[in-house]
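**Q** Dropping a structure here in structure tokens format, bear with me for questions.
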Amino acid sequence: MKSQTDNLLAVSPSEKVPCISVAICTYNRADRLQLALEALCHQTLEPSRFEILVIDNASTDSTHSVYQGFERALPQLRYIFEPIQGLSKARNTALQEAKSLYIAFLDDDAIPCPSWLASLLHAFQTVQPEPVCVGGLIRPLWELPKPDWVRPTMESLFTILDGGDQPRWFRPNEFPWGANVAYQRDALLKIGGFHEKLGRRGNSLLSGEEYLLNATLQNQGGGFYYHPEAAIEHWIPKERIDPEWLVRRNFWQGRSVALIEQMLGKTRIRQ
């Protein structure tokens, strides 16, 4: 029986089906979006092998103008306006619009390294058994110098991930972060995508949609793989380098955990 990868390689050259889709869900971050798109102009993966979806989640800034500025440099770029606010809603829109077997989610304030897409795709096509998800290194880009009070145990609150310099499987209940993650698209469609009652919406810091989705995939036998060469840099603005923001972030984390406990059960999420 042919694998998903075999089928993709069979149709891509003739039907121009991209091997992997990049989804950037964005809301009022036109300046950062521009840097992300500039980095995608310099990927080592051939442009014909990937598409880029900009999901504009009801932005009121110059997001559409930024997209227009890249139409020539990135002919595989598509713009989709999603009027219903919510990160989970925007991600699900990308999931429905994507054409590839694999979908990579990149935050709008992240900058991928040149080998980012090639490394993600290589992991899906060579690692056995085929991972349901591949994630990579997330380096911080601090707008202000990193304060002394930010300890290693707090780095996850800033979406920093360093799983080492060697590819490996994630341990049980250890998952990549949504700023830099790719999935088998069919696997997400089968479980209904991201839960739209969870996830960021406007200024709300509610989260948990990634954990719920990943835990569901893992419970169904899916494996999660870490590839350090699929690396990005993630912007940490000065507004977040503040104890008050951290308190607010932890408050919403607690709200998120409480909601997920209702769905998965306390024992599952606290393992």
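The values are calculated or read from the model by the stated rules, or taken from the named source; none is laboratory data. Predicted, not measured: the structure shown is a model, and the values here were computed from it. With ideal geometry, Cβ positions are generated from the backbone for all residues, glycine too; neighbour counts draw on all protein chains shown. Note: areas computed on protein heavy atoms with side chains; ligands, DNA, RNA excluded. Shrake-Rupley method; radii C 1.70, N 1.55, O 1.52, S 1.80 Å.
**Q** Can you name every residue in region 55-72 that is out of contact with any Phe, Trp or Tyr (no Cβ under 7 Å at 6 or more places or on another chain) and charged (D, E, K, R)?
**A** If the condition is that a residue be out of contact with any Phe, Trp or Tyr (no Cβ under 7 Å at 6 or more places or on another chain) and charged (D, E, K, R), then D61, E71, R72 are the ones that fit.
**Q** Considering each of E97, E82, E130 in turn, give the residue that is open to solvent by 60 Å² or more (accessible area, probe 1.4 Å), of a type in the set (D, E) and at pLDDT 95 or above.
**A** E97
This table checks each residue for (1) without any contact (Cβ under 8 Å) to a residue 60 or more places away in the chain; (2) closer than 30 Å to E244 by Cα; (3) in a loop (DSSP other than H, G, I, E, B).
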| site | (1), (2), (3) |
| --- | --- |
| N92 | no, no, no |
| K99 | no, no, yes |
| S119 | no, no, no |
| K146 | no, yes, yes |
| G164 | no, no, yes |
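**Q** May I ask you to verify whether T63 is closer than 21 Å to H195 by Cα, polar (S, T, N, Q) and surrounded by 14 or more Cβ atoms within 10 Å (Cβ to Cβ)?
**A** Taking the combined requirement at face value, the residue does not satisfy it.
**Q** Could you tell me how many of the residues in region 159-208 are open to solvent by less than 40 Å² (accessible area, probe 1.4 Å), aromatic (F, W, Y) and modelled with pLDDT under 95?
**A** Residues that pass the stated criteria total 2.
**Q** Among (1) in contact with a Leu (Cβ under 8 Å, 6 or more places away or on another chain); (2) assigned to a helix (DSSP H, G or I); (3) open to solvent by 10 Å² or more (accessible area, probe 1.4 Å); (4) at pLDDT below 95, there is one condition V17 misses while meeting the rest; what is its number?
**A** So V17 meets the others, but not (2).
**Q** If the Cβ limit is 7 Å and pairs must be 6+ apart or interchain, which residue in region 236-249 that is closer than 13 Å to P140 by Cβ and part of a helix (DSSP H, G or I) pairs with which residue that is open to solvent by less than 60 Å² (accessible area, probe 1.4 Å) and of a type outside the set (A, V, I, L, M)?
**A** R240/F158
**Q** Could you tell me how many of the residues in region 149-158 are β-branched (V, I, T) and surrounded by 13 or more Cβ atoms within 10 Å (Cβ to Cβ)?
**A** Looking only at region 149-158, we keep the residues that are β-branched (V, I, T), and these are 150, 153.
Remaining after also requiring surrounded by 13 or more Cβ atoms within 10 Å (Cβ to Cβ): 150.
The total comes to 1.
**Q** Would you confirm, using the coordinates I've provided, whether E130 is free of Cβ contacts under 8 Å to residues at least 12 places away in the same chain, in a loop (DSSP other than H, G, I, E, B) and more than 26 Å from F158 (Cβ to Cβ)? Steps first, answer last, please.
**A** Values: free of Cβ contacts under 8 Å to residues at least 12 places away in the same chain: no; in a loop (DSSP other than H, G, I, E, B): yes; more than 26 Å from F158 (Cβ to Cβ): yes.
Against the criterion (free of Cβ contacts under 8 Å to residues at least 12 places away in the same chain, in a loop (DSSP other than H, G, I, E, B) and more than 26 Å from F158 (Cβ to Cβ)), E130 does not qualify.
**Q** Also, I was wondering about something else. Being crowded, with 21+ Cβ neighbours inside 10 Å and outside any helix (DSSP H, G or I): is that true of F124 here?
**A** Values: crowded, with 21+ Cβ neighbours inside 10 Å: yes; outside any helix (DSSP H, G or I): no.
Taking the combined requirement at face value, the residue does not satisfy it.
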